[in-house]
1. With a cut-off of 8 Å between alpha carbons and a minimum separation of six or more residues, what is the relative contact order of region 87-184 in percent?
2. With each pseudo-label sitting 7 Å past Cα toward Cβ, what's the D174-L11 distance in nm, one decimal?
3. Quick one: net charge of D320's neighbours, Cβ under 12 Å, K/R +1, D/E -1?
4. What is the gain in length, in nm to one decimal, between R104 and Q327 on full extension, counting 0.36 nm per residue of separation less the C-alpha to C-alpha distance?
5. Which whole-number percent is the relative contact order of the chain (Cα, under 8 Å, 6+ apart)?
6. Magnitude of the Cβ-charge dipole of the chain, K/R +1 and D/E -1, about the Cα centre, nearest 20 debye?
7. Per DSSP H run of at least 4 residues, take -39500 (n - 2.57); add these up for the chain, divide by its residues and hand me the 222 nm value, nearest 500 deg cm²/dmol.
8. Averaged over all directions, how much area does the convex hull of the C-alpha atoms of the chain cover when projected, in nm²?
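None of the figures in this text is laboratory data; all of them are computed from the coordinates on show. Since the model is a prediction, treat every value here as computed from it, not as a measurement. A quick note on method: Cβ atoms are made from the backbone with ideal geometry, for glycine too, and the neighbour counts reach across all protein chains shown.
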Amino acid sequence: MTLPLTQRHQLFDPSPELAGLPAVSPLVFPSGATGWVVTSAQVGREFLADTRFSADRARAESPLPGFKSKPRPGDQQRRSFITMDPPEHTHYRKLLTGQFTVRRMKLLEPRIGQIVDDHLDSLARQDTPADLVAHFALPVPSLVICELLGVDYADRAEFQSFAKAFVNLTISDDERFAARVKAMTFLRNLVEHKRANPDDALLSGLIADSDLDDDELTAMTLLLLFAGHETTAAMLGLGTFALLRHPEQMSILRADPDLMPGAVDELMRYLSIIGPGIVRVATEDLTLGGAQIQAGQTVVLATPKANRGNELTDRPDELDVTRERTQHLAFGHGIHSCLGQQLARTEMRIGFRRLLDRFPNLALAVPADQVPLRTDMAIYGVHALPVTWAA
């Protein structure tokens, strides 16, 4: 089979093409090469923990048409550390772990609350219908990542455009490459500025506590900017859409706000916004889930399908905000699990809770089938979410 581009069906559910597949199934990539797709959470955890699979995208086939895994001529920038394997990956991740401290995340919480409240105030001032993405879901994580990295918020529109280009499935590889060059130039200037004018932001901490050169710091900042902005923004928009489509679940959360931390993880499991999945390439012949994988073959974890498996939880196709936290794979697993997942959880916990409190009569302003979906993007979500509310 070929991998469905967005792995989506009927707004939130995985594509029916993925239904009924074995845990590990043959897959044909856009290049014509053969590989495998994993649709089981249990096998997916084994897959992501197996050091015989490399995260080096230069070795792998891309599951997305138009996306190049192999380096192209003229691209001399450093690779992102999430595409590295140990011990190289271990070195960079340890440096970042030292900056993503519990103390730093706790200190950010009041500021996140203020950012959320400011944008809910802005949303409330809009005439209805208003776009919840433009006035809430997109700017909140943008400003949070600006605070974390020490980016001037006036530059947010510029880096938002970079982030969108990286996940846009409709633009050419040349256009995506050009956006990357612009982003790297923008961020290298930021790194140079922080070297000359250090502050208490994470980037200055990396500069002070490591011997990373400017190219390494620029590549790492690009990853943090993208991962800390695009994914959380998509979840805030799509998560709100899901709650509006499941009003009984929204009512439960309003009645018992203490359920919100678990509800955030349930939304992550249920929605699984990383559309094309998690890509690895086998470094040797091996067996995975009963399938014989050959060295050099690419394997893709279809996260939306794996997170809907019966082995993960009962009634997996239902959104249940009272569900006990599952071992879902929305943040990955193993040595490459999302480093900023606690920050993302904090933003969503505060964002969803205050949104529901502030707008008790929040409702869709258009039929659900008129909400523009991000089926043209590698990160699933909604381009806009028209909403209304009663005074």
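1. 16 percent.
2. Each label point lies 7 Å from its Cα, and together they span 4.1 nm.
3. Working: positive: R269, R315, R323, R325; negative: E248, D265, E266, D314, D317, E318, E324.
Residues near D320 contribute -3 overall.
4. Numbers: separation 223, 0.36 × 223 = 80.28 nm, distance 2.56 nm.
Value of the extension gain: 77.7 nm.
5. For the chain, the relative contact order is 27 percent.
6. 160
7. Working: 12 runs with 172 residues, N = 391.
For the chain, the value works out to -14500 deg cm²/dmol.
8. Dividing the Cα hull surface by four gives the mean projection, 18.5 nm².
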